[in-house]
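Written below as structure tokens is the structure these notes are about.
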Amino acid sequence: MQRNPHAAAEAMSAVPGMPHDADGPVFREPWEAQAFAMALALHAYGLFTWNEWAAALADEIKRAQANGDPDGGETYYRHWLATLERLIAAKGVASVDTLHRYRDAWDRAAERTPHGSPIELKPEDFD
């Protein structure tokens, strides 16, 4: 897949409320940038339009607010990730069960990994 150098700017203009500064999107932690990059890649692949993404993200944020999220900005990329997972499942790329299985495996792998070391998935992480 060829990278679009304007993809981040396109996403920022299509998705209101994205944390950014003059240089582009702003991330608090590396996983936020990775979730952002996954969404850019899946959009470029044609899995969803930015309008579809923005509507799904807005629904996710509304759902979280209804459940008590104060919407202070700290949870924005948690909503982004939940939206990504929901769309991946809805589009049939991976089932919700598969997503949960991998999330749990990553959690197990992270728990056994010393701080500062790369996290590596092993077959036993999926048990």
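Listing for the model above:
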item	result
The chain, relative contact order in percent, only Cα pairs under 8 angstrom and at least six apart counted	18 percent
Relative exposure of TYR76, TYR102, TYR45, judged by other C-beta atoms within 10 Å (fewest first)	TYR45, TYR102, TYR76
Proximal charge balance of LEU99 [Cβ under 14 Å; K/R count +1, D/E count -1]	0
On Cα atoms only, tilt of 50-66 relative to the major axis of the chain in degrees	70 degrees
Crossing angle, helix 96-112 versus the chain [Cα axis fit, 0-90 degrees, rounded to tens]	60 degrees
Neighbour net charge for GLY73 - beta-carbon separation under 12 angstrom, K R +1, D E -1	-2
Relative contact order of the stretch 44-102, defined on C-alpha pairs under 8 angstrom at six or more residues apart (%)	31 percent
Mean Cβ neighbour count within 10 Å, used as a protection proxy, ranking 47-55, 118-126 highest first	47-55, 118-126
Relative counts (whole %) of C-alpha pair distances in the chain, using bins that are 10 Å wide	11, 37, 36, 16, 0
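Quick note: the coordinates plus some simple rules give every number you see, no bench work behind them. In this text, all values refer to a predicted model and were calculated from it rather than measured experimentally. So basically every Cβ, Gly included, is an ideal-geometry build from the backbone, and we count neighbours across all protein chains shown.
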